[in-house]
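See below for the structure under consideration.
Read the figures in this text as sums done on the coordinates, not as results from a lab. Just so it is clear, the structure is predicted and the values come from calculations on it, not from any experiment. Here the Cβ is made from the backbone with ideal geometry for all residues, glycine too, and neighbour counts use every protein chain on show.
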Amino acid sequence: MCSLQSPDIVVSGYGCISAAGADAQESLINLVRGEVRNSVKGEGFFPGSFSAPCFVVHGKSNNSFLLSQGVNRTLQLALKCIEDALVVAGMDLRFLQGKRVGIAMGTTVGCTFHNEEYYKVWKSGGEPDNDKLITYLSSNLAERIQKILGVKGPRAVITNACASATDAIGVAKTWLEHGMCDIAIAGGADELSRIACHGFRSLMLISDESCMPFDGQRKGLNLGEGAGLFIMETESHATDRRGEIFGRVLGYGIACDAYHLTAPHPQGRGLQLAVKMALENGGLDIDDLAMINAHGTGTPANDLAEVHAIESLGVDTGTVPVVSTKGATGHTLGAAGGIEAVFTLMALNNKEVVGTVGCKQRDKAFSIEVLQHGQLAPLKGRIGMSQSLAFGGSNGALILEGVGS
Amino acid sequence: MKMYLSAIYQNRLEGLKTPPHLERNLRRADDFIRLAVVAAFETLQGVKEQNPDSPESYGLILGTAFGTMQTNFDVLDSVVTPEPTSPTLFSHSVFNAAGGYVASILNLQGSVVTVTDFSLPFFKALQEGYLALASGRLRYCLIIQVETYSQLLEDARKINDPQSVPWQPGVVCWLLQSEKGERKKAYYLEKIEVTDKDHASLSCLQISENVSINNEVRKVNDPLGAVMAIGAELQAGTHDKVVKIEGALSEVSLCFRMRE
């Protein structure tokens, strides 16, 4: 690996929006409270008589000064998040426009043309509204963000399903290490979609109750929407502009199960490999971790695969808390890795992590400890990991470092 | 760093022949997945046997403009009809399903990434593949572009660009590796620069790109046109190739050197 010669990559801004909160601080407050702000959706979202809780963003998603005409909801969520992150970073548009700014964003729903009205008119042989087509063609997440911010630099929309945002942050780290940009905006965004609701239901992965990651009674996941991202730069660039540093992206790993399209490898083979790569990339050992933010969707197979991987990696979960935040946000698909990277960094900076919302009684079959609902654990160090698993068998891991002693 | 281009495969859907022993793996696959798997298989044929590195040293970057669009509409159709959504159809509608299929069938356990861009997605993928090799994450990286479009898109194109010729579904796959390998002659990629200069709207349905290879210019009009033109030159080539692609949305500069 070339990480030994690579510059340190810092986080100088962050933002997230989900049902847990309209911004990062509100989300953290609600996480600590263990709030579950979902609402039951039935007909319209799910087929037949099925209904299930979904985590929908309310309120402030559409009041960003960056908003422009003809953007879809995924972009609205991303733009609100970017605005928050830029405020945290102390950057304005004029500053950005003088820099090479890379945009790496993950999404799943945001890259598809799923306008039902257009489709129905087309299917019936009518003449669909061209504006809807234009909106789709203008909604490549990274490209449109470049245009709205008025910036130039590398761009990538990562469509790696539920690991998309984790991989987007990894891609941005690589860009910065290779000098391709001065600043990177990286994370993910996804809106709640009827197609995802129907599709996940068809795979029998949705719980009809609030999700319970790692709980012995867990029945599946709840879908959600949101966005989460980092403003990243090299440490020297941040220092030169006297920007505040909130953390570092120390390592990134990605590996594929090469096993099944929708089910994780039972032993978390690819996840183990991704974690080892991320640790090697950061020049770290497993013992350096102080916490793990698991993917923790609440499906039986996902949680079990993660448990096996964490156990095989030799993590002492008695001293290294393992948590999932999806009980508070739902599974936000392409946004999940970004939101959870932000939560991980905030936990590392607060030196304590909140237990898994929805996990009342850890599955007794698990060989590892999981920090449960209502618990709060101090962290033994300032380095933590956020990990993501995805359809297609992809696994991503980010090693983050908080600031302070 | 030098990144060697050791194999190229490209084909249109109409000319695609699925090797018999892949048929069972692909019995439920849509065209998008089938194109990706067959191209990756043909590109890697013999390579893994000659280079028995660990499976995690092999990976892929798949770039696409429109992704699994027809399968997305098939799922949407079941939602609006409404009829039960097929779990297989839904899982195949996810953009990285093709990458997952390729990885699973060919046992690639390294980085498998799908990127989506309306403008020259192959070259966005090539750039990310170059970085995956340069950063040491991979030693062998397949760079793939698949496009299958949809009837809805074709109808929209006819309305917005009545004079245009229908786009043909197809695939391009290159194998990029960080070491030269056994071949006596091999191109290496000395430079790749991608510059985005405008933003997509209807213009990405009206592709007109100038591809210059050693100053000989040709015009292409579909999302796979530029990379297929370059691939054909590289397959037949014996000398260095300096390539420039000028499109309405992006420009790409490439330099391939022949290493004896």
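Taking each pair of distinct Cα atoms in the range B:1-95 once, what is the resulting Kirkwood hydrodynamic radius in Å?
Hydrodynamic radius (Kirkwood, Cα pairs) of the range B:1-95 is 15.7 Å.
Fewest Cβ neighbours within 10 Å first, please rank B:Arg218, B:Arg139 accordingly.
B:Arg218, B:Arg139
Compare the peptides A:229-240, B:47-58 by average per-residue count of other Cβ atoms within 10 angstrom and give them in order, highest first.
In descending order of packing, they fall as A:229-240, B:47-58.
Given H placed 1.01 Å from N in the peptide plane, which residues other than close sequence neighbours of A:Thr262 have an amide H under 5 Å from its amide H?
HN-HN under 5 Å from A:Thr262: A:Gly392.
May I have the pair-distance distribution P(r) for the range A:85-225, computed from all Cα-Cα distances with 5 Å bins from 0 and rounded to whole percent?
Answer for the range A:85-225: a P(r) of 2, 9, 14, 15, 16, 13, 12, 10, 7, 3, 0 percent.
Can you give me the Rg/Rh ratio for the range B:151-260, using Cα atoms for both radii and the Kirkwood formula for Rh?
Result: Rg/Rh = 1.03.
Give me the three principal axis extents of the range A:38-148 from the C-alpha atoms, as integers in angstrom, largest value leading.
50, 37, 22
Calculate the tail of P(r) for chain B: the fraction of all Cα-Cα distances greater than 35 Å, expressed in %.
Beyond 35 Å sits 13 percent of the P(r) for chain B.
How far is it, in nm, from the label point at A:Val40 to the one at B:Arg24 when both lie 7 Å from their Cα along the line to the Cβ?
The answer from the label model is 4.7 nm.
Run the quick spin-label model on A:Asn130 and A:Lys364: label points 7 Å from Cα toward the beta carbon, then report their separation in nm to one decimal.
Result: 6.7 nm between the two label points.
Volume per residue, Å³, of the convex hull around the alpha-carbon atoms of the range B:147-212?
156
When the Debye formula is applied to the Cα atoms of chain A, each taken as the same point scatterer, what base-10 log of I(q)/I(0) results at q = 0.09, 0.10, 0.12, 0.13 Å⁻¹?
At q = 0.09, 0.10, 0.12, 0.13 Å⁻¹ the computed log10 ratios are -0.47, -0.59, -0.86, -1.01.
Normalised by the empirical 2.2 N^0.38 Å for globular proteins, what value does the Cα Rg of the range B:16-60 take? Write down the numbers at each step before the final one.
On the way: Rg = 11.8 Å, N = 45, 2.2 N^0.38 = 9.3 Å.
Expressed relative to 2.2 N^0.38 Å, the Cα Rg reads 1.26.
Apply the a/c threshold of 1.5 to the C-alpha gyration tensor of the range A:294-405 and tell me whether it is rounded, prolate or oblate.
Rounded.
Give me the net charge of A:Arg362's neighbourhood, meaning all other residues with Cβ under 12 Å from the Cβ of A:Arg362; Lys, Arg count +1, Asp, Glu -1.
Cβ neighbours under 12 Å give a net charge of -1.
Just from the alpha-carbon atoms, what are the Rg and Dmax of the range A:156-256 in angstroms?
17.7, 52
Return A:Met204, A:Met180, A:Met277 ranked ascending by Cβ neighbour count within 10 Å, so the fewest neighbours appear first. Mind showing how you got there, number by number?
On the way: A:Met204 10, A:Met180 17, A:Met277 25.
Sorted ascending by nearby Cβ count, the order is A:Met204, A:Met180, A:Met277.
Hey, which of these cross-link pairs are over 23 Å Cα-Cα: B:Lys48/B:Lys244; B:Lys158/B:Lys244; B:Lys17/B:Lys48?
Result: B:Lys48/B:Lys244; B:Lys158/B:Lys244 exceed 23 Å.
Hey, can you rank B:59-65, B:15-21, A:90-96, B:169-175 by average C-beta count inside 10 Å, highest first?
B:59-65, B:169-175, A:90-96, B:15-21
Taking other Cβ within 10 Å of each residue's Cβ, how do B:Lys197, A:Lys132 sort, fewest first?
B:Lys197, A:Lys132
Say R0 is 51 Å: what FRET efficiency, to the nearest 0.05, do B:Ala134 and B:Glu83 get from their beta-carbon distance?
0.60
Per residue and in Å³, how big is the convex hull formed by the alpha-carbon atoms of the range A:241-367?
Value for the range A:241-367: 131 Å³ per residue.
Quick check: from the Cα gyration tensor, does the range B:78-182 come out rounded (a/c under 1.5), prolate or oblate?
Verdict is oblate for the range B:78-182.
Any chance you could list the semi-axes, whole Å, largest first, of the equivalent ellipsoid that the Cα gyration tensor gives for the range A:83-135, using √(5λ)?
Equivalent ellipsoid of the range A:83-135: 38, 12, 10 Å, largest first.
Rg and Dmax of the range A:312-351 over Cα atoms: what are they, in angstrom?
So, for the range A:312-351, Rg and Dmax equal 11.9, 31 Å respectively.
From Cα coordinates alone, what are the radius of gyration and Dmax values for the range B:106-159 in angstrom?
Calculated on Cα positions, Rg and Dmax stand at 14.8, 47 Å.
Any idea what log10 I(q)/I(0) is at q = 0.13, 0.26 Å⁻¹ for the range B:53-117, Debye with uniform C-alpha scatterers and no solvent?
Per q value, in the given order, log10 I(q)/I(0) is -0.43, -1.03.
Let me know the mean shielding of A:169-179 by other chains, meaning the per-residue number of their Cβ atoms within 10 Å of its Cβ.
Per residue, the number of nearby Cβ atoms from other chains is 2 on average.
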